[in-house]
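The values are calculated or read from the model by the stated rules, or taken from the named source; none is laboratory data. Everything quoted here is computed from the prediction, not taken from an experiment. Positions of Cβ are generated from backbone atoms using ideal geometry, with glycine treated the same way; all protein chains shown enter the neighbour counts. The area values use the complete protein model at the heavy-atom level, side chains included, leaving out ligands, DNA and RNA. Shrake-Rupley method; radii C 1.70, N 1.55, O 1.52, S 1.80 Å.
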Amino acid sequence: MPDTDSPASLLALSDAYWKTSALHAGAMLDVFSAIGDAVLTSPEIAAACACDPRAMGMLVRALAAMGLLVGKDGRYRQAAQARTFLDKRSPRYVGSIIRHHHRIMAAWAGLPESIRTGGPQTRPMDAAQAAGDREDFLMGMFNLAMAIAPGLAASIDLSGRKRLVDVGGGPGTYAVHFCLAHPGVRASVFDLPTSQAFADGVRRRFGVADRVDFVPGDYLRDPIPGGYDAAWLSQIFHAEDRAGCLTILEKTVAALEPGGLVLIHEFMLDDAGDGPEFAALFALNMLVLTERGQSYAVGEIRDMMAEAGLTDIGLLGFTGPNGSRVLRGTKG
């Protein structure tokens, strides 16, 4: 428990963004990939990253102090965690989502104004943004999904189901892993056309290009093609208001055959509304980035599912690394 007679824990919380910013700089400048398997001086790292030597010296010392680099006699190598997660050559690389987090920091700095006005500080991540932003966002979603998709897909019973639609599926990570875990299933990724190149790359990478296809569309404006018997909706409700969520649900239900299964994966608040912490903070992320987004409580999503005509609604026995949960329902 923090010492309530000392401001130390509050001050540590207040300046925690210094570490965040140093990590972001390392990811944005690709410092870790530049070092790779080598042991380099800070001027050598600066040259590899096309940066100022004096400034890079400050950054690498900070990254070493944080345990991400290991320094000895003025030379630096990657620590084990950095090599695994921050070097682009690693299959477990998560740098894309860290780069995305850096891109939205300016919006978070405007949080007091968003609280005053009720509106966002920046445009949502969409097709009009720079290609680098879109790539980091989509591959960041891939980074996060890869941490849980293989195990989660294998744990969900899809017995007897043949066609799944991944609504708003971005790079299609979940669609791919549902197919890998369930050999009799084929899947479609339904998302904006700007996601198709990334989704095509992911399905080819995992050897399921013949079982996963891409259907371009906007889930708020376009109908979802029919003929599916299962639907996966992962982390899309939080960008919409209740009316938008209900629109997505109704279109999804309309695309399903009778008895079709709907699975909704979200950072869900408890019904009391005061936790878990990540979902509560994520609501503020949606406030500064979107016009209508928020986190929803389990009961709120249950109610929307029932309103869309689903029955047999219940939580699966799953909790993700940031407290995400899955609700299931069946089309009557």
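Percent of accessible area on region 1-137 owned by carbon and sulfur, 1.4 Å probe? Walk me through the numbers before you get to the answer.
On the way: 4760 of 8140 Å².
Carbon and sulfur: 58 percent of the exposed surface of region 1-137.
Of Lys19/Lys72; Lys88/Lys251; Lys88/Lys162, which pairs sit farther than 31 Å apart, going by alpha carbon to alpha carbon?
Violating the 31 Å limit, Cα to Cα: Lys88/Lys251; Lys88/Lys162.
Under 5 Å between amide H atoms, partner at least 5 residues away or on a different chain: which partners does Asp166 have, H built in plane at 1.01 Å?
Ser188, Val189, Phe190, Trp232
Hey, with R₀ at 22 Å, roughly what FRET efficiency would Ser155 and Asp213 work out to, going by the Cβ-Cβ distance, to 0.05?
On the way: r = 24 Å, r/R0 = 1.11.
In this case the efficiency is close to 0.35.
From the C-alpha gyration tensor of region 248-292, pull out the three semi-axes of the equivalent ellipsoid (sqrt of 5λ each), sorted largest to smallest, in whole Å.
Equivalent ellipsoid of region 248-292: 28, 15, 7 Å, largest first.
Give me the net charge of Gly71's neighbourhood, meaning all other residues with Cβ under 10 Å from the Cβ of Gly71; Lys, Arg count +1, Asp, Glu -1.
Details: positive: Arg61, Lys72, Arg75, Arg77; negative: Asp73.
For residues surrounding Gly71, the net value is +3.
Provide the FRET efficiency to the nearest 0.05 for the Asp222-Gln81 pair, computing r from the beta carbons and using R0 = 41 Å. All intermediate terms of the calculation are to be shown ahead of the outcome.
On the way: r = 42 Å, r/R0 = 1.03.
Efficiency, rounded to the nearest 0.05: 0.45.
Could you please report the charge total around Gly317, scoring K, R as +1 and D, E as -1 over all other residues with beta-carbon less than 14 angstrom from its beta-carbon?
Working: positive: Arg325, Arg328; negative: Asp157.
Summing Lys/Arg as +1 and Asp/Glu as -1 gives +1.
Show me, for region 6-13, the HN-Hα J-couplings you get by feeding each phi into the Karplus relation (A = 6.51, B = -1.76, C = 1.60, θ = phi - 60°), rounded to Hz, glycine and proline as x.
Values per residue, Gly and Pro as x: 10, x, 4, 5, 5, 5, 5, 5 Hz.
Which whole-number percentage describes the relative contact order of region 260-317, with Cα contacts under 8 Å and a sequence gap of 6 or more?
Working: 47 pairs, mean separation 15.7, N = 58.
With pairs under 8 Å counted, the relative contact order is 27 percent.
Provide the per residue accessible area, probe 1.4 Å, for region 1-131, rounded to a whole number of square angstrom. It would help to have the intermediate numbers written out before the result.
Values: 7890 Å² over 131 residues.
Per-residue accessible area for region 1-131 comes out at 60 Å².
Can you pull the percent of region 248-332's accessible area that's carbon plus sulfur, 1.4 Å probe, other chains left in place?
On the way: 1790 of 3510 Å².
Ligands and nucleic acids excluded, carbon and sulfur give 51 percent.
Taking the Cα centre of region 105-236 as the origin, how large is its charge dipole in debye, to the nearest 20, when only Lys and Arg (+1) and Asp and Glu (-1) carry charge on their Cβ atoms? Mind showing how you got there, number by number?
Numbers: 12 positive and 14 negative charges, 57 e Å.
Charge dipole, region 105-236, about its Cα centre: 280 debye, nearest 20.
Using 0.36 nm per residue of separation minus the Cα-Cα distance, give me the extension gain between Val298 and Ser21 in nm, one decimal.
Details: separation 277, 0.36 × 277 = 99.72 nm, distance 3.33 nm.
That works out to 96.4 nm of additional length.
Kindly rank 238-249, 25-36 from highest to lowest mean number of other beta carbons found within 10 Å of each residue. Please list the in-between numbers first.
Numbers: 238-249: 18.7, 25-36: 20.8.
Top of the packing list down: 25-36, 238-249.
With only alpha-carbon atoms counted, please give the Rg and Dmax of the chain, in Å.
Rg and Dmax of the chain, Cα atoms, are 21.7, 69 Å.
Quick check on the chain: helices-only [θ] at 222 nm, where DSSP H runs of length 4 and up contribute -39,500 (n - 2.57) each and the sum goes over total residues. Nearest 500, please. Write out the running numbers ahead of the final one.
On the way: 16 runs with 151 residues, N = 332.
The per-residue figure over the chain is -13000 deg cm²/dmol.
How high is the relative contact order of the chain, given as a whole-number percent (alpha carbon pairs under 8 Å, six or more residues apart)?
Numbers: 580 pairs, mean separation 39.3, N = 332.
Rounded, it is 12 percent for the chain.
Enter the Cα centre distance for the pair region 127-204 and region 74-94, rounded to the nearest angstrom.
Computed from Cα coordinates, the inter-centre distance equals 25 Å.
Using the heavy atoms of the protein chains alone and a 1.4 angstrom probe, what is the accessible area of region 180-258 per residue in square angstrom? Display every interim value, and only then the final one.
Numbers: 3320 Å² over 79 residues.
On a per-residue basis, 42 Å².
Which percent, nearest 5, of DSSP beta bridges in region 157-229 are antiparallel?
Details: 0 of 10 bridges.
That works out to approximately 0 percent antiparallel.
Asp213: net charge of surrounding residues, Cβ under 13 Å, Lys/Arg +1, Asp/Glu -1, itself excluded?
On the way: positive: Arg163, Arg186, Arg203, Arg204, Arg211; negative: Asp166, Asp191, Asp200, Asp210.
Net charge in that neighbourhood comes out at +1.
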